[in-house]
Amino acid sequence: MNEALRPAPLDSTQAAAARQLSIVVPTFNERENVVTLYERLKATLGETPWEVVFVDDNSPDETWQVVRELSQRDPRVRCLRRIGRRGLSGACIEGILASGAPFVAVMDADLQHDETRLPQMLALLQDGEAELVVGSRYIDGGSADSFNSQRRGVSEFATLIAKRLLRVEIADPMSGFFMIRRDRFEELAPNLSVHGFKILLDIVATARGSLRTVEIPFTFGTRLAGESKLDSMVALDFLGLILAKMTGDAVSLRFLLFALVGSIGLFVHLLTLDVAFNLFAVPFTEAHALGAVVAMTSNFILNNALTYRDQRLKGLALLRGLLLFYLVCSVGLLANVGVAFSIYGQQPIWWLAGAAGALMGVVWNYAMSSLFVWRRR
């Protein structure tokens, strides 16, 4: 960059003033929208001291590079690029904790959230009227007319479930547009899930009514560029979050998914054992070992697609991960076969022996998977 065009560095007084409001924007393949959003924030916030933290999950379209170029022109723009991690909730949590302002807003990069509401939200927090301000589509003056009928139905149903099961009082707990006092967020952060898409619901459920909350209406806009990140997995994330909060966070969302995959693996194991032992007359020990290997393979594939999809292995890493999965589970497999064979020798009921052996390796497999196969890099 030409030195004459480079902005002068902020002194300490200016730097402090620049951190009254932080806007955290999670991004993935949003390079067509980030400049427009930045320009809108400038126009809306005017003299309000602010910064925007774009948290990018290493977008293939290099959204992070566009943000980095913006940051070279305006020090109020920051880029947090995450490698080997993915997920809206985790991005929001990291972005808020990395921000430097006493008040933090979260909004999407797709231009569907109304940035003109930010000054009103900030005023409510600064005046002490609220600790959390939610942009709501479902109160008077708000609208989600840009939703198609299917998405509207799903959103309203999810909102109803959240309010009934978690006793959430706000009208739009599924909103992704809100502002919160940073100190109150930091109190809640250790108990929030880094998985899934509904960070606001997690915040409100975790706070258990302790946050003074105000909702203000906004109109949910229409995406102009890029593609929606919502897919069928969002429903699974949502249900997992509901169950986790209903159990007081005793069970993590990742563990719930791992348990679901394990249940499927048990069925695969028993089915393989049944076919090999009863149809093809394979000796029980070999039939059981075959069932275990087939179940391990199916568990690896499903866990890679579901449980650890934010750390999903691809290409050669997928093959290496599978081989490592076999390796770290080998001790569990030996215990699995040994227990099953021992039970079958005492009482030759094939399905009981098979189930006991398969369950033996669950804890080992989960621990080793997290430590070695899908470890964070």
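A short reminder: the numbers here are calculations on the coordinates, not readings from a lab. Keep in mind that what you see is a predicted model, and the values were worked out from it rather than measured. Cβ sites come from the backbone with ideal geometry, for glycine too, and all protein chains shown count toward neighbours.
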Measuring from label point to label point, each 7 Å out along Cα→Cβ, what is the Leu239 to Glu39 span in nm?
-> 4.4
Extension gain, Ala305 back to Ala367 (0.36 nm per residue minus Cα-Cα distance, nm) = 20.5 nm
Footprinting exposure proxy for Cys79, Cys329 (fewest neighbouring C-beta atoms within 10 Å first) | Cys79, Cys329
Quick one: dipole size for the chain, taken about the Cα centre, charges +1 on Lys/Arg Cβ and -1 on Asp/Glu Cβ, in debye to the nearest 20.
-> 780
First check a/c for the chain, with a ≥ b ≥ c the square roots of the eigenvalues of its C-alpha gyration tensor; if it is under 1.5, answer rounded, and if not, answer prolate when a/b is larger than b/c or oblate otherwise.
-> prolate
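Using Cβ contacts closer than 10 Å as the measure, can you line up Arg82, Arg208 from fewest to most? The partial results should precede the final answer.
Working: Arg82 19, Arg208 13.
Fewest-to-most ranking of Arg82, Arg208: Arg208, Arg82.
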Ranked by Cβ crowding within 10 angstrom, fewest neighbours first, how are Asp61, Asp114, Asp145 ordered?
-> Asp145, Asp61, Asp114
Give, in nm to one decimal, the length gained when the segment between Ser71 and Ser263 is fully stretched (0.36 nm per residue of separation minus the Cα-Cα distance).
-> 64.3 nm
Antiparallel DSSP beta bridges within the chain, as percent of all bridges there, nearest 5 | 25
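Using the Cα centre as the reference, give the magnitude of the dipole from point charges on the C-beta atoms of region 253-373 (Lys, Arg: +1; Asp, Glu: -1; all else neutral), rounded to the nearest 20 debye. Mind showing how you got there, number by number?
Working: 5 positive and 3 negative charges, 90 e Å.
Using Cβ point charges on Lys, Arg, Asp and Glu, region 253-373 gives about 440 debye.
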By Kyte-Doolittle mean hydropathy of at least -0.5 and Cα axial length of at least 30 Å, which whole DSSP H helices of the chain are selected?
-> 253-274
Gain in length, Asp127 to Val293, computed as 0.36 nm per residue apart minus the alpha-carbon separation, to one decimal in nm?
-> 53.6 nm
Residues of type aspartates and glutamates that Lys163 reaches as a straight line, Cα spacing below 19 Å, ignoring anything fewer than 8 places off in the same chain | Asp140, Asp172, Asp202, Glu215, Asp237, Asp249
